[in-house]
1. Taking the Kirkwood radius as the inverse of the mean 1/r across Cα pairs, report the Rg/Rh of the range A:193-343.
2. Can you check what the net charge comes to around A:GLY264, using other residues whose Cβ is under 15 Å from the Cβ of A:GLY264 (Lys, Arg +1; Asp, Glu -1)?
3. If the protein assembly as shown were replaced by its equivalent ellipsoid, with semi-axes equal to the square roots of 5 times the Cα gyration tensor eigenvalues, what would those be, largest first, whole Å?
4. Take the Cα pairs of the range A:53-108, get the Kirkwood Rh, then feed it into Stokes-Einstein at 20 °C and 1.002 mPa s and tell me D in µm²/s.
5. Let me check against my output: what whole-number percent is the relative contact order of the range B:159-307, with C-alpha pairs under 8 Å and at least 6 apart?
6. In percent, what relative contact order does the range A:1-156 have, based on Cα pairs under 8 Å that are 6 or more apart in sequence?
7. Take every Cα pair under 8 Å in chain A that's 6+ residues apart, average their separations, divide by the length, and report that relative contact order as a whole percent.
8. Which ³J(HN,Hα) values, rounded to whole Hz and listed in residue order, are derived for the range B:152-160 from phi using the Karplus coefficients 6.51, -1.76 and 1.60 in 6.51 cos²θ - 1.76 cosθ + 1.60 with θ = phi - 60°, glycine and proline given as x?
Number of protein chains: 2
Amino acid sequence: VVASHVETTAILGGGSWGTALAIHLARLGRSSRLWFRDPQQARRTERSRINTKYLPQWTIPEEVELLSDLGKALRGATAAVVVVPSRSLWDVARDIRENGPAHDILWISATKGIVGEEGRRPSEILREALGLDQVAVLAGPSLSEEVLRGLPTAVVAASETEAPAVRTQNLFHGPRFRVYTASDVIGVELGVSLKNVLAIAAGLAQELGLGHNGYGALLTRGLAEICRLGVKLGARRETFLGLAGLGDLVTTCGSPLSRNHQVGRRLARGEALEDILDALGCVAEGVPTVSAALALAGRAGVEMPITAKVYEILFRGKDPRQALEELMLRPPGDEDGSSRSGW
Amino acid sequence: VVASHVETTAILGGGSWGTALAIHLARLGRSSRLWFRDPQQARRTERSRINTKYLPQWTIPEEVELLSDLGKALRGATAAVVVVPSRSLWDVARDIRENGPAHDILWISATKGIVGEEGRRPSEILREALGLDQVAVLAGPSLSEEVLRGLPTAVVAASETEAPAVRTQNLFHGPRFRVYTASDVIGVELGVSLKNVLAIAAGLAQELGLGHNGYGALLTRGLAEICRLGVKLGARRETFLGLAGLGDLVTTCGSPLSRNHQVGRRLARGEALEDILDALGCVAEGVPTVSAALALAGRAGVEMPITAKVYEILFRGKDPRQALEELMLRPPGDEDGSSRSGW
């Protein structure tokens, strides 16, 4: 890997992934600024050097400057990673715009989720709000805790032209954090966002005792419906076979730590969605993504039977076990038939 | 689903999957003949109505005729499922041929594995040995125990023209055992066979504490190399996104019951391959498939870095942890680049 020219990096969003990325950079010998939207949280973290809310086990090294002043975070920055919850993205983008021109910065989105009825992807929102030509996307199977424990991780850096992805790769790549480049921005963002819906389904299925056969079928038919939608929206099919598709799907659905997985497990035990989200105390991106995905699918004319069932369970009080039965009873067709849906 | 015309079905091979398929058919109200190559095992099973070696928990219903006379098993049969270990396939095919003409029978292969240096697929061997136009393939994520427990399962029936796959679907499809049709026979057989190599790797990785991120990356890069080889050999890329690719991969690699997974775990603990195979007392198809896969890959000019490492660990005494480190230290490239391998 070619040595990166030294970037001045702002990481916008002090959740678990933003904090982990800042610590990761520090370990590579690269300083960064970690911006918290909430000034109180910035001060608290500054005092203890620990993100008590999201990563209580890890001390944040001195190479990470902690702040809540967006202007200061972006002053002189050559690279900025946006890693806020998708529901805050429009607000944060507006705040960024008010802080001056964004054109000389390499913008990288590490936010997952599909936003609103229009089903906008995070990089689309940033491009539009900030008037940018390109926004790179950093995504893939990367549980924060494991990255910090130094366990091997492989992700993708995607951008339409090569340069932003390669710069992102140079910035983050390390011996145990492999960054592959990719060009299918749409596929990468849809893959890592929509898989959160399947993580809810996987949690439900596990709690209901679905078994390994059914789990394999659920992930396969689930990825198939994500892929059908993605291809309609301009993504490449191969992307869903890659780290941002299959890889992130396997990691998230297999990890009991995943918030979305927890949502599914608790729904299956009969808890109410509101109570679950209150108890988690943080964002489960799969929940708002379900509605956005169905809105997109409706406009694109694509059937998403599994996503539709998750929607009914989450928002219409549908019994999870019955929903699963109904999925199983759909008539089978040709496996790749996009007209015959099956699941 | 259209009601099937009544088939007279022979199931050739009384291992766990052959026995499970016979019991499954009985539950659908369909009788069958289950042929054991070993006359002693046939007699023992006939006495107890239990396949004590492979499925000791399940009674075999009266609708299943147990026998070791191949001629009798095939007499008047309209459908025959071959489900013997891949290493016995040539021998069994020769025995079948000696028992008379095979042309009026719907042949279905449910054997997994790639055979010998030539890397022959089971359906190829049957076609050649029996002089057949077509052999259908029944495959997918289907742990025997779970099928018998009535847990939901989805598999594919593949054949080049539609009719054999549809007949296979009609024969086996049931409310909790969904059979999808497919036409990419090459892809289906390669997917379900080569994934056993990755199941060994997954067992190794689990025992070595790889973590969820690395597990996601391993399955993704592993399926990518299977897909590269498959496409070179005439398979369709989409097949590897389906039940016989991703589905079977997720189920097998995630199940501690899988023999191949056990092989990997025990290798990582430092046990010798011979001792492991002795202790298992049954076939782990991934082991012979590793060499066959590398032979195929060599001839096709495709790099398979993960399969190559599994080969070194199995047959060259390579240290598993070091092999994993070496995989991680390969330079990263473009994610879909078939020329740059990465892993």
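Every read-out reported here was derived from the displayed coordinates using simple, explicitly stated rules and does not represent laboratory data. Since this is a predicted model, take the numbers as computed values, not measurements. Please note: Cβ atoms are built from the backbone with ideal geometry, for glycine as well, and neighbour counts cover all protein chains shown.
1. Looking at the range A:193-343, the ratio lands at 0.94.
2. Every neighbour counted, the sum reads +2.
3. 48, 26, 22
4. Translational D for this selection: 165 µm²/s.
5. Result for the range B:159-307 is 31 percent.
6. 22
7. In percent, rounded to a whole number, it is 14.
8. Values, residue by residue: x, 9, 10, 9, 10, 10, 10, 7, 5 Hz.
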